[in-house]
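The values are calculated or read from the model by the stated rules, or taken from the named source; none is laboratory data. Bear in mind the structure is a predicted one, so any value in this text is a computation, not a measurement. Quick reminder, even Gly has a Cβ in these numbers, built from the backbone with ideal geometry, and neighbours come from all protein chains shown.
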């Protein structure tokens, strides 16, 4: 059995930054709250809660506290409410996400209705939309393009979307408007992660995607990999059944941007144990990386 890990797996820059800011805040000795889950990984959220970062469900419930804005960002109204109620706000919004807020705000000032490519129910997109106006719409990759009454339009993408989805949307919109402004706000880490995982899937008998079931970028990895080979999406090694590996010789591992390295190692070691091997990995550096030259 050959087990290989896709490059660019695990924590991205934005997630590492959010966690670092949370750890630093806890060390100050005061109660710390995250408005919504800091990252989309339930096991790590539980770990952070044990270290003093509590999850709050609403801005209205937080007064005179230290509050961390999660990596996905929050709405403009929530941010204003936190400040109004005397909270110390630590902004851990991913810089790529913060950029979309500014682009949407400026597009409205310039008179462009905004169309967001993404999942309307995802916290990142909910936050993005709050910086727009009544003409700001959201369309998912599998939805029909809404009727556009304006002659001009600005398109902005959720940072974890697939570039191909953005290209497809642009092609659909070109005949509908006279002036189209497009911002490719898909983050580099997302593009690299998707490419690496796809390449690995093309050269594997099975892909195991590791990460939160509610993580948008992790679900996208699972969807992309499943186009090339059988794919399973798990959060922890406990979900991995030996029967899944039956008859599979080339096993690929891929992990979302909010998946800790130790979780990847645990899954790798579980596969080794199922395969009857005793020499287990002690760090992610011990896991062979897939070389993409063959893609």
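Hey, any hits in the stretch 40-54 for a residue that's touching a strand residue (DSSP E or B) at 6+ places or on another chain (Cβ under 6 Å), more than 17 Å from residue 215 (Cα to Cα), outside any loop (DSSP other than H, G, I, E, B) and modelled with pLDDT of 90 or more?
Checked the stretch 40-54: at least one residue is touching a strand residue (DSSP E or B) at 6+ places or on another chain (Cβ under 6 Å), more than 17 Å from residue 215 (Cα to Cα), outside any loop (DSSP other than H, G, I, E, B) and modelled with pLDDT of 90 or more.
Please specify each residue of the stretch 65-91 satisfying the condition of being buried (at least 23 other Cβ atoms within 10 Å of the Cβ), touching a strand residue (DSSP E or B) at 6+ places or on another chain (Cβ under 7 Å) and part of a loop (DSSP other than H, G, I, E, B).
Passing the criteria: 70, 74.
Might you let me know whether the stretch 272-280 holds any residue that is closer than 19 Å to residue 46 by Cβ and part of a helix (DSSP H, G or I)? Walk me through how you get there before you give the answer.
Initial filter on the stretch 272-280 (closer than 19 Å to residue 46 by Cβ): none.
Scanning the stretch 272-280 turns up no residue that is closer than 19 Å to residue 46 by Cβ and part of a helix (DSSP H, G or I).
Criterion first (in contact with a helix residue (DSSP H, G or I) (Cβ under 8 Å, 6 or more places away or on another chain), modelled with pLDDT under 95, closer than 30 Å to residue 252 by Cα and surrounded by 15 or more Cβ atoms within 10 Å (Cβ to Cβ)) does residue 19 satisfy it?
Values: in contact with a helix residue (DSSP H, G or I) (Cβ under 8 Å, 6 or more places away or on another chain): yes; modelled with pLDDT under 95: yes; closer than 30 Å to residue 252 by Cα: yes; surrounded by 15 or more Cβ atoms within 10 Å (Cβ to Cβ): yes.
For residue 19, the condition - in contact with a helix residue (DSSP H, G or I) (Cβ under 8 Å, 6 or more places away or on another chain), modelled with pLDDT under 95, closer than 30 Å to residue 252 by Cα and surrounded by 15 or more Cβ atoms within 10 Å (Cβ to Cβ) - is met.
Pick out the one residue from 66, 100 that is outside the structural domain of residue 216 (by TED's automatic domain parsing) and within 24 Å of the chain's Cα centre (by Cα).
Working: 66 fails: within 24 Å of the chain's Cα centre (by Cα).
100 is the lone residue from the list that is outside the structural domain of residue 216 (by TED's automatic domain parsing) and within 24 Å of the chain's Cα centre (by Cα).
Looking at the stretch 227-250, is at least one residue crowded, with 24+ Cβ neighbours inside 10 Å, modelled with pLDDT of 95 or more, under 17 Å from the mean Cα position of the chain (by Cα) and under 29 Å from residue 158 (Cα atoms)?
Looking only at the stretch 227-250, we keep the residues that are crowded, with 24+ Cβ neighbours inside 10 Å, and these are none.
Checking the stretch 227-250: not a single residue is crowded, with 24+ Cβ neighbours inside 10 Å, modelled with pLDDT of 95 or more, under 17 Å from the mean Cα position of the chain (by Cα) and under 29 Å from residue 158 (Cα atoms).
Which one is farthest from residue 37 (Cα to Cα) among residues in the stretch 115-144 that are touching a residue at least 60 places away in the same chain (Cβ under 8 Å) and in a helix (DSSP H, G or I)?
The residue in question is 124.
So which of 24, 102 is more than 30 Å from residue 236 (Cβ to Cβ) and surrounded by fewer than 14 Cβ atoms within 10 Å (Cβ to Cβ)? Working first, answer last.
Details: 24 fails: more than 30 Å from residue 236 (Cβ to Cβ).
Criteria check complete, one pass: 102.
Let's see how each residue does on (1) in contact (Cβ under 8 Å) with a residue 40 or more places away in the chain; (2) over 25 Å from residue 102 (Cα atoms):
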| site | (1), (2) |
| --- | --- |
| 35 | yes, no |
| 41 | yes, yes |
| 48 | no, yes |
| 53 | no, yes |
| 64 | no, yes |
| 72 | yes, no |
| 77 | yes, no |
| 81 | no, no |
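Within the stretch 190-203, identify whether any single residue is assigned to a loop (DSSP other than H, G, I, E, B) and either at pLDDT below 95 or within 29 Å of residue 141 (Cα to Cα) (or both), and answer yes or no.
Taking the stretch 190-203 first, the residues assigned to a loop (DSSP other than H, G, I, E, B) are 203.
When the remaining residues are screened for being either at pLDDT below 95 or within 29 Å of residue 141 (Cα to Cα) (or both), the result is 203.
Checking the stretch 190-203: at least one residue is assigned to a loop (DSSP other than H, G, I, E, B) and either at pLDDT below 95 or within 29 Å of residue 141 (Cα to Cα) (or both).
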